[in-house]
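> Got a structure for you, written out below as structure tokens; questions coming shortly.
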Amino acid sequence: YPPAPDGPFSWGPREQGWLLGAFFFGYVVTQLPGGRLAEKYGGKTLYGGGVLVTSVLTLLTPLAANTSIYLFILVRVLEGLGEGVTFPVMHAMLAVWVPPAERSRMAGLVYSGAQAGTVLSLPISGLLCSTYGWPSVFYVFGLLGIVWWIAWCWLVADSPDSHPRIDESERRYIVTSLAASKARLPST
């Protein structure tokens with residue numbers, strides 16, 4: 001006799017492999033264009049849009065999984081497309097916001113935060129699953145992503161020059177330190 005499915009879906013190893021890999025099919029596609037688009041047009045909309053798309057698709061994940069494995073795979077690929085811009089855009093945002101003398105420390109903080117999110121979300125997901133069922137994980141994190149996006153839209157700007165609430169002395173400090181470092185860069 002074949003083993004009983006572990007959970008509500010009877011997906012074999014092949015289907016599970018496709019589901020686990022589907023995110024990365026989308027993720028890899030937007031890496032290079034994400035970084036270049038952020039350099040050229042700014043990162044606020046691109047990064048925020050990527051998180052918003054992923055958050056909405058995360059909310060739709062239980063529906064997709066219960067409808068069809070193929071729809072679920074498509075949702076995972078689209079989530080990967082949305083998230084693929086994350087790290088390239090972070091680099092572009094750090095380049096226009098962080099003075100060179102502070103860049104290593106700030107990059108460490110930013111990337112530590114990304115890892116801390118993973119460390120925190122795993123036990124929270126287990127707690128949500130055991131208390132409210134597996135779909136609750138997708139609803140909670142999807143809603144948190146939308147709340148994050150709202151805050152991002154209000155608090156973040158593409159550059160210090162375009163930020164409406166930055167202190168003038170801070171803006172001057174950032175812009176001056178970045179201009180000095182750009183003057184020393186060789187042509188690509």
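> Just to check your reading of the model, which residue among Cys129, Cys153 is touching a residue at least 60 places away in the same chain (Cβ under 8 Å) and either touching a helix residue (DSSP H, G or I) at 6+ places or on another chain (Cβ under 7 Å) or buried (at least 17 other Cβ atoms within 10 Å of the Cβ) (or both)?
Working: Cys129 fails: touching a residue at least 60 places away in the same chain (Cβ under 8 Å).
Being touching a residue at least 60 places away in the same chain (Cβ under 8 Å) and either touching a helix residue (DSSP H, G or I) at 6+ places or on another chain (Cβ under 7 Å) or buried (at least 17 other Cβ atoms within 10 Å of the Cβ) (or both) holds for just one of Cys129, Cys153, which is Cys153.
> For the stretch 1-103, please list each of the helices (runs of 4 or more DSSP H) lying entirely inside it that holds at least 1 residues being more than 17 Å from Phe141 (Cβ to Cβ) and among the charged types (D, E, K, R).
Those helices (runs of 4 or more DSSP H) span 13-29, 31-41, 44-67.
> Assess whether Arg76 counts as being of a type in the set (D, E, K, R) and modelled with pLDDT of 95 or more. Before the answer, list the steps.
Values: of a type in the set (D, E, K, R): yes; modelled with pLDDT of 95 or more: yes.
For Arg76, the condition - of a type in the set (D, E, K, R) and modelled with pLDDT of 95 or more - is met.
> Okay, next question. Got a number for residues in the stretch 3-38 being surrounded by fewer than 16 Cβ atoms within 10 Å (Cβ to Cβ) and within 20 Å of Met90 (Cα to Cα)?
The total comes to 7.
The values are calculated or read from the model by the stated rules, or taken from the named source; none is laboratory data. Computed from a predicted model, the values in this text were never measured in an experiment. Quick reminder, even Gly has a Cβ in these numbers, built from the backbone with ideal geometry, and neighbours come from all protein chains shown.
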